[in-house]
Amino acid sequence: MGEPWWKQAVFYQIYPRSFADSDGDGIGDLAGIRSHLSDLAWLGVDALWISPFYRSPMTDFGYDVSDYCDVDPLFGTLDDFDALLADAHALGLKVIVDWVPNHTSDRHPWFLDALAGRSSAHRNWYVWRDARPDGAPPNNWVAAFDPSAPAWTFDEPSGQWYLHLFEPSQPDLNWDEPAVVDAMHEVLRFWLERGVDGFRADVIHAIGKDPDLPDDPPALFGIPHCALNDVPVTHERLRDIRALVDGYSGDRVIVGEVFLLSTAAVATYYGHDDELHLAFNFPPLFAPWMHHPWSDCIESTYGALDVRSAWPTWVLSNHDNPRHRTRYDFGGSLMGENEATRDRRSEARARAAAVLLMTLRGTPFLYQGEELGLLDAIVTPERRVDPGGRDGCRAPIPWDGTDTHGWPTGAGIEAWLPFPPDSDHRNHADQRRDPGSMLHLYRRLIDLRHRAPALATGGFDLLEITEGVLGYTRTDGDESYAVLVNFTGQEVTTADGSTGEPDHASVSLVGTRVEISSTRPGEGEPFDGLLAADQAVVLRL
Ligand code: NOJ
Ligand code: MG
C-alpha cells in the first residue's frame with residue numbers, strides 16, 4: 001500500500017526542557033507540549049520526535065536515563081504522556097520517542113548494583129576492564145565532549161575501569177550480555193504498546209563494540225571513539241531491533257543517530273531494508289552557506305544512499321549543534337558586516353535554507369524554533385549548564401513578545417536558559433500574525449510538499465545554472481518543479497538550466513510559475529530570471 005508515511009512526513013524535533021512550560025518552574029514539560037500541539041498542526045508537520053523525558057539525574061539533560069519506563073517528575077507523569085499522545089494522534093500527528101540504548105545514567109539501579117562488586121547481578125551489564133600493566137586506562141578511547149578525557153573511569157572499590165563513550169555519569173551498557181538485550185528490547189515494547197509511532201535511537205551505531213576493545217589508531221587520537229565505532233555485530237543487533245519494531249502494526253519507524261564520519265559508513269546501517277528505516281545525515285549540519293559545499297553534500301548523500309532501500313534524511317539544526325542561522329551568521333562570511341546587514345542576510349539565508357530543507361529528496365527533520373528563524377541564545381558563563389557547551393541552541397522557545405515570552409514563570413523563577421536574541425519580535429505570536437514571516441514560509445513549504453508528490457518522493461536531478469546558484473528538479477510523472485538557491489550576496493540572472501546530461505534538453509526557467517519564494521514578492525507570478533542575494537525559489541515547470 002504505497003510508500004510508508006515516514007518517507008513523506010515532515011518531522012519536528014521537540015527538546016522538552018525548552019519547548020513550553022505548563023507549571024511555572026522554568027522548565028518545559030509534557031503538558032506544555034500538549035498545550036501547543038494545535039500550533040504544530042497549524043504549521044503542518046506530520047510527526048514529532050520528542051527528546052528524552054524519562055527519569056534522569058539530568059547530567060546530560062535526559063540522555064542519562066535512570067528509568068526508561070517512567071516520566072521524570074520534572075516533565076510530568078505517564079498519564080501526561082498518554083494524554084499528549086492521544087491528543088497528537090487526534091490531530092493526525094505521529095509521535096516518536098528517544099531511545100537511549102548505548103548507556104544508562106550512573107544512578108540507574110542496574111549500574112548501582114553493578115557498582116556493588118565484581119560478582120553483583122548486574123556487573124556484566126556494563127563494560128568493565130582491568131587497568132593496563134602501567135595502571136593506565138584499558139585502551140586509548142576518548143570520550144565525547146572533551147578530547148583529553150579518557151572514555152574510562154576507575155572504580156576504586158572494585159579496582160576496575162568502566163567504559164563511557166560520553167560522560168562518566170553515562171556508563172556504556174554491555175550489549176554482549178543477553179540480559180541487556182532483553183531489557184532494552186523490553187523498553188521498546190513498553191513504548192510501542194503505549195502507542196508510539198517509533199523511535200529516534202541515540203548513538204545506535206555504538207551498541208556493538210569490537211570485543212577486543214582495541215586502541216583507536218594514533219592518527220585519530222582526539223576524535224571521540226563514538227565517531228569511530230563501526231563494527232559488524234551492531235548490524236546483527238539492529239536486525240533484531242528492526243524485527244521487533246516491525247512486529248507491531250502501523251508502520252512504526254526507527255530513525256537512528258549514526259554519528260560516523262562518512263555518509264557511506266552511515267548508509268550501511270540501513271542494512272538491506274532490515275536495519276534502520278531512516279538514519280540522520282549530518283554533513284548538512286556542518287555545511288557552510290556556500291554553493292559547492294552544499295552541492296557536494298547533496299551529491300555525496302545521493303551517491304551513498306540507494307533510495308530504493310535507504311531513504312535519505314535532511315537536517316539543518318538540532319539540540320547538539322549551533323543553529324543554522326547562527327552558523328550562517330557568526331560562523332559565516334558576515335562577521336565583518338554591521339549588525340543590521342548581518343540580521344537581514346542571516347534571515348535571508350535561513351529562509352533560503354528552509355526552501356532547501358523542504359524540497360530535497362529525503363525526509364526533513366526540523367528542530368523546534370527554526371521555523372521562527374531563531375539564533376542561538378547568548379549564554380554567559382554563569383548560566384552555562386551543559387557539559388558539551390550546547391546551551392545556545394537549547395534556548396527556550398519564545399511564544400510571544402511579552403517579557404516572559406509565554407513561559408508562566410513565577411516570582412523569582414526564570415526559564416532555565418536565556419531566550420534567543422530578538423525574542424520581543426522574533427516569536428511565535430508575532431510571526432503568526434505576519435504572512436511574510438519565516439513561520440509562514442515554513443508553513444507554505446510544508447503545505448506545498450504535501451500537495452506535490454514530486455517534492456516529497458519524486459526524482460531528483462541537479463541542474464547546472466551558474467556559479468553560486470544551486471539548482472535541481474524534482475519530478476513525479478508529469479509534475480515537475482525546479483528549485484534555485486542563490487548562495488551569493490549578489491543578484492544573479494538565471495535564464496535556464498541544464499542537467500549536464502548530453503541527452504537532456506536544457507530546462508527553461510523564465511516564465512514558469514513561482515510557486516514559493518523565500519522572500520515573498522513574486523509568488524504566483526511568472527519567474528523573471530532574477531534571483532536576489534540569498535534568495536531561493538520553487539518553480540512549477
Ligand atoms: C546524542 C544526543 O543527541 C546528545 O544530546 C547526547 O549528549 C548524546 N547522544 C549522548 O546520549
Ligand atoms: Mg515545567
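The values are calculated or read from the model by the stated rules, or taken from the named source; none is laboratory data. All values derive from a computational prediction rather than experimental measurement. All Cβ positions, even for glycine, are placed from backbone atoms using ideal geometry, and neighbour counts span all protein chains on display. Please note that ligands, DNA and RNA were not included when accessible areas were found on the heavy atoms of the full protein model with its side chains. Shrake-Rupley method; radii C 1.70, N 1.55, O 1.52, S 1.80 Å.
Descriptive notes on the structure:
- Taking segment 1-51 as the region of interest, the helices (runs of 4 or more DSSP H) fully inside it that hold 1 or more residues being under 15 Å from the mean Cα position of the chain (by Cα) and within 16 Å of ligand 2 (Cβ to nearest atom) are 16-19.
- When segment 295-314 is limited to residues that are polar (S, T, N, Q) and open to solvent by 30 Å² or more (accessible area, probe 1.4 Å), the one that is nearest to V469 (Cα to Cα) turns out to be S300.
- Unique match (being among the charged types (D, E, K, R) and open to solvent by less than 70 Å² (accessible area, probe 1.4 Å)) among D210, D251, D215: D210
- Exactly one residue out of L448, L509 is open to solvent by less than 30 Å² (accessible area, probe 1.4 Å) and under 21 Å from H291 (Cα atoms), and it is L509.
- Among the residues making up segment 326-352, a single one is closer than 25 Å to R17 by Cβ and modelled with pLDDT of 95 or more: A350.
- Considering (1) polar (S, T, N, Q); (2) open to solvent by 40 Å² or more (accessible area, probe 1.4 Å); (3) away from ligand 2 (no atom under 16 Å from the Cβ), the lone condition that T77 does not fulfil carries the number (3).
Quick grid of which residues meet (1) more than 16 Å from ligand 1 (Cβ to nearest atom); (2) assigned by TED's automatic domain parsing to the domain that holds A429; (3) surrounded by fewer than 18 Cβ atoms within 10 Å (Cβ to Cβ):
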| position | (1), (2), (3) |
| --- | --- |
| F11 | no, yes, no |
| G26 | yes, yes, no |
| W42 | yes, yes, yes |
| V45 | yes, yes, no |
| K94 | yes, yes, no |
| F111 | no, no, no |
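- If you check A88, A83, A149, A116 for being free of Cβ contacts under 8 Å to residues at least 60 places away in the same chain and open to solvent by 40 Å² or more (accessible area, probe 1.4 Å), only one passes: A116.
- Lone unmet requirement of (1) in contact with an Asp or Glu (Cβ under 9 Å, 6 or more places away or on another chain); (2) at negative phi; (3) not aromatic (F, W, Y) for A411: (1)
- Qualifying residue in segment 295-304 (condition: of a type in the set (S, T, N, Q), at pLDDT 95 or above and in a strand (DSSP E or B)): no
- Checking L84, L74, L78, L115 one by one, the residue that is outside the structural domain of R17 (by TED's automatic domain parsing) and either modelled with pLDDT of 95 or more or in contact with a helix residue (DSSP H, G or I) (Cβ under 9 Å, 6 or more places away or on another chain) (or both) is L115 and no other.
- Condition met for S169 (more than 16 Å from ligand 2 (Cβ to nearest atom), surrounded by fewer than 18 Cβ atoms within 10 Å (Cβ to Cβ) and of a type in the set (S, T, N, Q)): no
- Within segment 47-63, tally of residues that are surrounded by fewer than 18 Cβ atoms within 10 Å (Cβ to Cβ) and more than 16 Å from ligand 1 (Cβ to nearest atom): 0
- Selection count where residues are surrounded by 15 or more Cβ atoms within 10 Å (Cβ to Cβ) and touching a residue at least 40 places away in the same chain (Cβ under 8 Å), scope segment 228-248: 7
- Beta carbons closer than 8 Å, at least 6 apart along the sequence or on distinct chains, pair a first residue in segment 269-293 that is closer than 19 Å to P232 by Cα with a second that is in a loop (DSSP other than H, G, I, E, B) and open to solvent by 20 Å² or more (accessible area, probe 1.4 Å) for Y270/S309; H272/S309; D273/S309; H277/P4.
- Taken together, S18, S66, S38, S22 contain a single residue that is of a type in the set (S, T, N, Q), modelled with pLDDT of 95 or more, open to solvent by 10 Å² or more (accessible area, probe 1.4 Å) and within 16 Å of ligand 1 (Cβ to nearest atom), which is S66.
- Considering segment 254-286, the residues that are open to solvent by 10 Å² or more (accessible area, probe 1.4 Å) and among the charged types (D, E, K, R) include one that is nearest to M358 (Cα to Cα), namely E257.
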